[in-house]
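Worksheet: the structure to be examined is printed underneath.
Every read-out reported here was derived from the displayed coordinates using simple, explicitly stated rules and does not represent laboratory data. Quantities reported herein were computed from a predicted structural model and do not represent experimental measurements. Counting neighbours? That spans all protein chains shown, and the Cβs are built from the backbone with ideal geometry, glycine included.
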Amino acid sequence: MFVFSYLQKIHTVSGCLALSTFALPIILKKGGKLHARFGWAYVFGMAGVAVTSIIMALMRLFLDQDLSEQQRDFSIFLLMIAIFTASAVWSGLQVLAWKGPCLGRQPFHGASSMAALSKGIAVEMVY
């Protein structure tokens with residue numbers, strides 16, 4: 001599982017980037033260069049965390065032959081958290097891209113929200 005360990009390293013670096021920059025856009029003056037730069041650093045960090053999480057969870061679920069039932073359930077749980085994280089990052093980017101009266105009116109914009117809603121319904125049905 002060389003790829004898995006490589007993804008873990010990317011996940012860790014992305015998480016460190018996101019954790020070290022998440023408060024700065026809140027503190028800095030909105031609309032300023034530093035606000036924008038640290039905001040994008042946070043977005044890229046969280047996007048890296050979300051993408052690597054989804055890939056690693058799917059790898060564990062479909063490629064790990066020695067997965068116990070508890071490990072499978074935990075991997076599904078982590079996959080749902082990863083989808084939720086990706087949905088939150090995507091929603092934040094939508095706000096930036098669609099300022100004004102057309103916010104959220106395109107069919108594609110609801111896809112990430114529907115994925116998060118489906119995840120919640122699935123959890124309630126299973127447990």
Radius 15 Å from Cβ of ARG60, net charge of other residues (Lys, Arg +1; Asp, Glu -1): -3
Semi-axis lengths (Å, descending) of the ellipsoid that matches the C-alpha gyration tensor of region 15-57: 24, 9, 6
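So for region 48-88, what are the equivalent ellipsoid semi-axes in whole Å, largest first, each being the square root of 5 times an eigenvalue of the Cα gyration tensor?
19, 10, 5
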R0 of 22 Å, Cβ-Cβ distance MET125-LEU67: FRET efficiency to nearest 0.05: 0.55
Simple Cβ-charge dipole of region 1-106, Lys/Arg +1 and Asp/Glu -1, about Cα centre, in debye nearest 20: 800
LYS9 paired with LEU96, simple spin-label distance in nm, labels 7 Å along Cα-to-beta-carbon: 2.8
Phi-based couplings in Hz for region 72-89 (Karplus 6.51, -1.76, 1.60; Gly and Pro marked x): 5, 4, 5, 5, 5, 4, 5, 4, 5, 5, 5, 5, 4, 5, 4, 5, 5, 4
